[in-house]
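For reference, the structure discussed in these notes is given below.
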Amino acid sequence: MDWLDPVIGKNGLILAFLVVGLILLFSYAVSHFLGRGRIPGAALAIIMGLALAFTGSEKGIADHPLFAGMAVLGGSMFRDFSVVATAMGANLETIRKTGRAGFLSLLIGVCISFIVGVLVAWALGYTDAVSLTTIGAGACTYIVGPVTGSAIGATSEVIAISVAAGVVKTLVTTIGTPLIARRIGLTSPHAAMVFGGLIGTTSGVVAGLAATDAKLVPYGAMTATFYTGLGCLLCPSIFYVLLRIFIPA
Amino acid sequence: MKIYGVALLCACFLAGKSIGHLLGELLGIPGDIGGVGFAMLLLMGISAYLRKRGRFSAESETGITFWSAMYIPIIVAMAATLNVKAAFSGGWTALLAGAAATLAGFLLVPVLTRLGAKGDSHDNPEH
């Protein structure tokens, strides 16, 4: 099979398109077979993707050389590019109208995630301001955590926990959004913008909305894209300083 | 031609990312602040302007709609390349902090949706 190696090695991205195509084909067939589409095919495909990620570690399935192209296709370049393209289906007027609610949801979203993260860490025995801030930041997104942690000098163990907390958030959002969408009124572009601002993990928001209602994706992505930046701005500065007042280092 | 649409998308994407990184630089934060959002606003604004002036053919538009249809496959690839194991290696702190923060966000969606909708329908005469 040596002749096959260069075919895969030089065409990893093309193989990735094929693999993803097959995953979607299979998921939509299963979705049609079980309950005639009641479970969205996109949601099944995303869950299948997550399951495949278990076969590797840091880069999921792309840790296997055969599937290295999946990291390119699923990397931030293609993700952001295709999400920007969805703006063609979005209504500028709706976004303008929801602007203020979107901004408010961003601020509240970052604060709430941080507070919840700090409280959980506190309850589980972390008492120093640096660790609490870092884990709280990780509860925002898996990028805010390590950015904050390295800025204020957290240990690598705590930074790893903050990254893990952020990844958990992405996973819970991805799987939970389609299940809970109706109950929390996530049915309009307006609500999707609020949702994006409150949750903030772009990958989770986009994947969760994709599995719920594809039309909502651009609205959720619009606000979520500001969340990580805002978190990186607030967590290592104001939030850390405020926490230091309550907990002397 | 389709490539005109793709090229417009690329131009907006790169311009938006540049604005996001510039904003990060100005605020002293590593990385990109809202780059995707700026790119989306640019794409919506420019394509609406071009369409009004009749300079944006349906054929060009398909160059963009193709990529917008590709995002679900791309999200599936992204899901398959996440560090799922890390989510479980962080122990209870990570699991609880991540899950509780998400749940709190979910629960606030109806509250804030209502707040914003009220403000918009009154058109805020007081401001």
Qualifying positions in segment A:145-174 - farther than 16 Å from residue A:235 by Cα, surrounded by fewer than 18 Cβ atoms within 10 Å (Cβ to Cβ) and of a type outside the set (Asp, Glu): A:155, A:156
Unmet criterion (only one of (1) within 11 Å of chain A (Cβ to nearest Cβ); (2) within 27 Å of residue A:235 (Cα to Cα); (3) among the charged types (D, E, K, R); (4) more than 19 Å from the chain's Cα centre (by Cα)) for residue B:17: (4)
Flag for residue A:53 being more than 8 Å from chain B (Cβ to nearest Cβ) and closer than 19 Å to residue A:12 by Cβ: no
Any hit, segment A:19-39, residues being closer than 25 Å to residue B:63 by Cβ, under 21 Å from the mean Cα position of the chain (by Cα) and not assigned by TED's automatic domain parsing to the domain that holds residue A:218: yes
Criterion: farther than 27 Å from residue A:121 by Cβ and hydroxyl-bearing (Ser, Thr, Tyr) - qualifying residue of A:212, A:201: A:212
Index of the failed condition, residue A:153 passing every other in (1) on the phi > 0 side of the Ramachandran plot; (2) within 11 Å of chain B (Cβ to nearest Cβ): (2)
Enumeration of residues in segment B:35-86 that are among the small types (Gly, Ala, Ser), within 30 Å of residue A:146 (Cα to Cα) and either touching a Gly at 6+ places or on another chain (Cβ under 7 Å) or crowded, with 21+ Cβ neighbours inside 10 Å (or both): B:35, B:37, B:39, B:77, B:79, B:80
Hits in segment B:17-34 - residues which are at pLDDT 90 or above and of a type in the set (Val, Ile, Thr): B:19
Residue check for residue A:179: more than 24 Å from residue B:29 (Cβ to Cβ) and either assigned to a helix (DSSP H, G or I) or touching a Cys at 6+ places or on another chain (Cβ under 7 Å) (or both): yes
Restricting segment A:6-31 to residues that are within 12 Å of chain B (Cβ to nearest Cβ) and not aliphatic (A, V, I, L, M), the residue that is surrounded by the most Cβ atoms within 10 Å (Cβ to Cβ): A:27
Test: residue A:34 is without any contact (Cβ under 8 Å) to a residue 60 or more places away in the chain, over 15 Å from residue B:76 (Cβ atoms) and more than 8 Å from every other protein chain (Cβ to nearest Cβ): yes
Checklist (1) at pLDDT 95 or above; (2) within 9 Å of another protein chain (Cβ to nearest Cβ) applied to residue A:176, failing item: (1)
Residues of segment A:203-249 satisfying the condition of being facing chain B (nearest Cβ under 7 Å) and among the polar types (S, T, N, Q): A:203, A:225
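Conditions (1) in contact with a helix residue (DSSP H, G or I) (Cβ under 6 Å, 6 or more places away or on another chain); (2) of a type in the set (A, V, I, L, M); (3) closer than 29 Å to residue A:47 by Cα, marked per residue:
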| site | (1), (2), (3) |
| --- | --- |
| B:20 | yes, no, no |
| B:52 | no, no, no |
| B:66 | no, no, yes |
| B:92 | no, no, yes |
Residue selected from segment B:21-47 under the condition of a type in the set (A, V, I, L, M) and at the interface with another protein chain (Cβ under 7 Å from one of its Cβ atoms), by the criterion nearest to residue A:79 (Cα to Cα): B:36
Within segment A:83-107, tally of residues that are of a type in the set (Gly, Ala, Ser) and more than 7 Å from chain B (Cβ to nearest Cβ): 2
Condition broken by residue B:89, with the remaining ones in (1) within 7 Å of chain A (Cβ to nearest Cβ); (2) crowded, with 19+ Cβ neighbours inside 10 Å; (3) free of Cβ contacts under 8 Å to residues at least 60 places away in the same chain satisfied: (2)
Checklist (1) within 9 Å of another protein chain (Cβ to nearest Cβ); (2) of a type outside the set (A, V, I, L, M, F, W, C); (3) buried (at least 17 other Cβ atoms within 10 Å of the Cβ) applied to residue A:40, failing item: (1)
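The values are calculated or read from the model by the stated rules, or taken from the named source; none is laboratory data. Since the model is a prediction, treat every value here as computed from it, not as a measurement. Every residue, glycine as well, gets a Cβ built from its backbone with ideal geometry; the counts of neighbours run over all protein chains shown.
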